[in-house]
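K.L.:
The structure is given below, and queries will be raised subsequently.
The values are calculated or read from the model by the stated rules, or taken from the named source; none is laboratory data. Since the structure is predicted, the reported quantities are computational estimates derived from the model, not experimental observations. Backbone-built Cβ (ideal geometry, glycine too); neighbour counts: all protein chains shown. Areas reflect the complete protein model, heavy atoms only, side chains present, ligands, DNA and RNA absent. Shrake-Rupley method; radii C 1.70, N 1.55, O 1.52, S 1.80 Å.
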Amino acid sequence: MAALESPENHIKATATSTATTSSSTTSDLNFSVRRRSTTVTDSPSTEMMESEDLKSNGKECDKVTNENRSDIKFNYRPSMPAHRGVRESPLSSDAIFKQSHAGLFNLCIVVLVAINSRLIIENIIKYGWLINGGFWFSSKSLRDWPLFMCCLSLPAFPFAAYLVEKLAYQNYLPQLVVVFLHTIITTGSLLYPVLVILRCDSAFLSGVTLMLFSCIVWLKLVSYAHTNSDLRAIAKSIDRVSIFEKAQQEDVPSISPYVGNPYDTYFKSLVYFMVAPTLCYQSSYPRTESVRKGWVVQQFVKLIIFTGFMGFIIEQYINPIVKNSQHPFKGNLLYAIERVLKLSVPNLYVWLCMFYCFFHLWLNILAELLCFGDREFYKDWWNARTVEEYWRMWNMPVHKWMVRHIYFPCLRNKIPKGLAILIAFLVSAVFHELCIAVPCHVFKLWAFIGIMLQVPLVVITKFLQNKFRSSMVCPFLHLFISQAERLKSGTSDK
């Protein structure tokens, strides 16, 4: 009985009753307020009744406040226990992954901005302003009209592909002739800009822009031709099945296999596909309802800012380091390693800015203007566990094109999976080499070799992932932790 009537139990009982009373009073008060808000007040008697209700409600509010004050008096006394359970520290191994680290992330961003701002100011004070527009727009830029005319003439190749598909739809061309004509059109759309850039001593930016544009046109034309070829094959098979069933039912001797063909070609679909932020052709796409003009302006301002920052890093850091460096194979090996490591940080910043400007800002702006619905232009490649996952997530338009038009066609033709992956990397390496070597007029196969070296990295990282089965921890760190746990268990056994 003494234990039941202790002061602590009395306080808890009083607090519980007080909380129950206050919650009921508050609910009654809310109900009276809602009831009063839905009542029509027209007559003076109604106004008098409302004034009385307000007075009573005011008294109830005062009563609730007094009860809360009494609750505070009992619950926050010096004798109340401050430690009421077993808890872990936020940074302990058992609780570190159970909470958000947004504050630490923001702190890291602030520190990163502060450190890099100091380095930029120090670089400008030490070396001065090194921005030189000649690297991007030289005196020859105004004479780059052949590249500009080549860019304007590239839409002729999609129009030619459309004419070929239209003739194939009307059964004027056999399949082999259609494939041959599409091969000529796609090859011409790629070789024509290469020849123009090599014949003209153009600026670097003009050449890169034209090569990127021509590569995109080539990829789109291949998808357009491949998709329509598959649609024709499906339409033929469907028509043949329906004709066979109809001949069995009605005893019809012969009907053209293209009667009632559901396959069709529309010029509007091709035009939308050529300007849409995708490389895979289809007759219709998911669409949004309207264009957010304010959002487009906001993203465009971000695009200008980050593009300028990317150019600043290239001119202020990368170009001076490259110009003041020796040839990597003609000097000291340690010196070459030091130069490469010194270039790694600004190159990383440029790559991140390029990714953000193109894959997030520019493609989303284009998608918003065209009401293009599927805006999965990239996935969370920063969480990739292997090199293969990284290549599958960082560039979704190219990845979808590779899977749709190279990887699965190779598998359907009984090509092994490893060889299909190698072919996909080979195509990617060729286009990387074209986009870098042609504008620079330097054919050393550096980009080609760099992409092909990703294949052994894919194999190595996949082997490590399968061996250690770690999703968020580096395999080497996982190995170190497991060895430490084994050592610890062996010591405890002793």
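K.L.:
Which pairs do you get when a residue that is on the phi > 0 side of the Ramachandran plot, found in the range 179-194, comes within reach of a residue that is open to solvent by 70 Å² or more (accessible area, probe 1.4 Å), reach meaning Cβ atoms under 9 angstrom, with the pair 6+ apart or on two chains?
P.N.:
If the second residue must be open to solvent by 70 Å² or more (accessible area, probe 1.4 Å), no pairs are left.
K.L.:
What is the one condition in (1) in a helix (DSSP H, G or I); (2) at pLDDT 80 or above that VAL86 does not satisfy?
P.N.:
(1)
K.L.:
Report, ordered by the first and then the second residue, all pairs with beta carbons closer than 6 Å, sequence separation of six or more or different chains, a first member in the range 338-364 that is more than 28 Å from PHE300 (Cβ to Cβ), and a second member that is not in a helix (DSSP H, G or I).
P.N.:
From the range 338-364, the pairs are ARG339/SER325.
K.L.:
I'd like to know if the range 357-372 contains one or more residues that are over 15 Å from the mean Cα position of the chain (by Cα), part of a helix (DSSP H, G or I) and modelled with pLDDT of 85 or more.
P.N.:
Yes, because at least one residue in the range 357-372 is over 15 Å from the mean Cα position of the chain (by Cα), part of a helix (DSSP H, G or I) and modelled with pLDDT of 85 or more.
K.L.:
Count, please, the residues in the range 164-186 that happen to be over 16 Å from LYS220 (Cβ atoms) and open to solvent by less than 80 Å² (accessible area, probe 1.4 Å).
P.N.:
Count: 12.
K.L.:
To continue, here is another question. Among the listed residues VAL403, VAL398, which satisfies the condition of being part of a helix (DSSP H, G or I) and farther than 30 Å from VAL301 by Cβ?
P.N.:
The unique qualifying residue is VAL403.
K.L.:
Here's a follow-up. Can you pull out every residue in the range 283-310 that is touching a Phe, Trp or Tyr at 6+ places or on another chain (Cβ under 8 Å) and polar (S, T, N, Q)?
P.N.:
Within the range 283-310, SER283, THR288 meet the criteria.
K.L.:
Just checking, how many residues over the range 396-428 are within 21 Å of TRP446 (Cα to Cα) and not β-branched (Val, Ile, Thr)?
P.N.:
Total meeting the criteria: 5.
K.L.:
Identify, from the list SER290, SER344, the residue that is surrounded by fewer than 16 Cβ atoms within 10 Å (Cβ to Cβ), of a type outside the set (D, E, K, R) and outside any helix (DSSP H, G or I). So that I can check it myself, show each step before the final result.
P.N.:
Numbers: SER344 fails: outside any helix (DSSP H, G or I).
Only one candidate qualifies: SER290.
K.L.:
Looking at the range 115-126 only, could you name the residues that are among the aliphatic types (A, V, I, L, M) and either surrounded by 10 or more Cβ atoms within 10 Å (Cβ to Cβ) or closer than 15 Å to PRO346 by Cβ (or both)?
P.N.:
ILE115, LEU119, ILE120, ILE121, ILE124
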